[in-house]
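Below: one structure, written as C-alpha cells.
The values are calculated or read from the model by the stated rules, or taken from the named source; none is laboratory data. Remember, predicted model here, so these are calculated numbers, not experimental data. Because the Cβ atoms are built from the backbone with ideal geometry, glycine has one as well, and the counts that use them run over all protein chains shown.
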Amino acid sequence: MFAFFAACAVLGAALLVVQIALSSFGAHVDVDADHDLAHDVGHGLDLFSARSLVAGIAFFGIAGAAAARAGWRPGLVAFCAVSAALVAMLTVAWIMSRLLRLEEDGAVRVEGAVGAPAIVYLAIPGSRSGAGKVTLTLQGRTVEYEAVTAGDRLPTGAPVIVVDVVSPGTLEVVPSPQAGV
C-alpha cells in the first residue's frame, strides 16, 4: 500500500515540476478534463484543471504514504489520502480563480460615460464649434476627455452630464440640471 501512495506522490511531484518548467518558458499548460467532468464549484473554481489534478495526485500520494507508514488501518489511510487530495484540488482551484481575475482587461470603456456627471476642465465652445475638456469618474478612475456641446458655451468648473460618445476620445455634454438650482 505504501508503494502505491509513494508512486502517486512521485508522479504528482514530477508533473508539478514539468508544469512549473513549462510555465517558466511561457507555455500555457492547463488542459481541462472532459467537459462532462469539468464542473465548476462556486464561482469559477475548476476542480478538474490540470493544475488541480496534479496537486490532488501529489497530495493523495503524500498523505496516503504518510498514513500507511504510520500503520493506520487501510480505510483510514484511504480517507486521509482522498481528503488531502480534495483539499489540495480545492486550494489550487481557488488560488487559480483569484490569479485569473488579475488577467481581466482594465481598459476604460468610454461607452460607460453616457449619463455620467462630469466637470468642465477647459471651457467648451458652444454650438459644437470646438472642443474643450471634461473630467469624470469612469470605472473607478478619474479620466479626462475632450468634449463638445450643441448648446451654449460651458465655462471651466461647470457641472455637466455626458449625453453621447462622439468618438473614442470625445464626449458630448450638456449642462447638469443641478447647475441651475
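Do the conditions hold for Leu86, that is, is it under 30 Å from Gly56 (Cα atoms) and surrounded by fewer than 12 Cβ atoms within 10 Å (Cβ to Cβ)? Break it down stepwise before answering.
Values: under 30 Å from Gly56 (Cα atoms): yes; surrounded by fewer than 12 Cβ atoms within 10 Å (Cβ to Cβ): no.
No, not satisfied.
May I ask you to verify whether Ser83 is assigned by TED's automatic domain parsing to the domain that holds Ala55, in a helix (DSSP H, G or I), under 12 Å from the mean Cα position of the chain (by Cα) and of a type in the set (Ser, Thr, Tyr)?
Values: assigned by TED's automatic domain parsing to the domain that holds Ala55: yes; in a helix (DSSP H, G or I): yes; under 12 Å from the mean Cα position of the chain (by Cα): no; of a type in the set (Ser, Thr, Tyr): yes.
Considered against the rule, which asks whether it is assigned by TED's automatic domain parsing to the domain that holds Ala55, in a helix (DSSP H, G or I), under 12 Å from the mean Cα position of the chain (by Cα) and of a type in the set (Ser, Thr, Tyr), Ser83 comes out as no.
Restricting the search to segment 140-175, which residues are outside any loop (DSSP other than H, G, I, E, B), without any contact (Cβ under 8 Å) to a residue 12 or more places away in the chain and among the small types (Gly, Ala, Ser)?
Ser167 - this is the single residue of segment 140-175 that is outside any loop (DSSP other than H, G, I, E, B), without any contact (Cβ under 8 Å) to a residue 12 or more places away in the chain and among the small types (Gly, Ala, Ser).
Say whether the condition of being buried (at least 16 other Cβ atoms within 10 Å of the Cβ) and in contact with a Lys or Arg (Cβ under 6 Å, 6 or more places away or on another chain) is met by at least one residue in segment 155-172.
no
With the condition kept exactly as written, say whether any residue in segment 92-103 is surrounded by 12 or more Cβ atoms within 10 Å (Cβ to Cβ), of a type in the set (Gly, Ala, Ser) and either free of Cβ contacts under 8 Å to residues at least 24 places away in the same chain or at negative phi (or both).
yes
Give the residues of segment 127-139 that are in a strand (DSSP E or B) and either hydroxyl-bearing (Ser, Thr, Tyr) or in contact with a strand residue (DSSP E or B) (Cβ under 7 Å, 6 or more places away or on another chain) (or both), sorted by residue number.
Once the filter is applied, which keeps residues that are in a strand (DSSP E or B) and either hydroxyl-bearing (Ser, Thr, Tyr) or in contact with a strand residue (DSSP E or B) (Cβ under 7 Å, 6 or more places away or on another chain) (or both), segment 127-139 yields Gly132, Lys133, Val134, Thr135, Leu136, Thr137.
Being surrounded by fewer than 21 Cβ atoms within 10 Å (Cβ to Cβ), assigned by TED's automatic domain parsing to the domain that holds Val92, at positive phi and at pLDDT below 80 narrows it down to one residue among Gly42, Gly71; which is it?
Residue meeting the stated conditions: Gly42.
Can you tell me which of (1) in a loop (DSSP other than H, G, I, E, B); (2) in the same structural domain as Ile20 (by TED's automatic domain parsing) is the one Gly115 doesn't meet?
(2)
Based on this model, can you work out whether Thr137 counts as assigned by TED's automatic domain parsing to the domain that holds Arg69 and free of Cβ contacts under 8 Å to residues at least 60 places away in the same chain?
no
Taking Gly115, is it of a type outside the set (A, V, I, L, M, F, W, C), at positive phi and touching a residue at least 24 places away in the same chain (Cβ under 8 Å)?
Details: of a type outside the set (A, V, I, L, M, F, W, C): yes; at positive phi: yes; touching a residue at least 24 places away in the same chain (Cβ under 8 Å): yes.
Considered against the rule, which asks whether it is of a type outside the set (A, V, I, L, M, F, W, C), at positive phi and touching a residue at least 24 places away in the same chain (Cβ under 8 Å), Gly115 comes out as yes.
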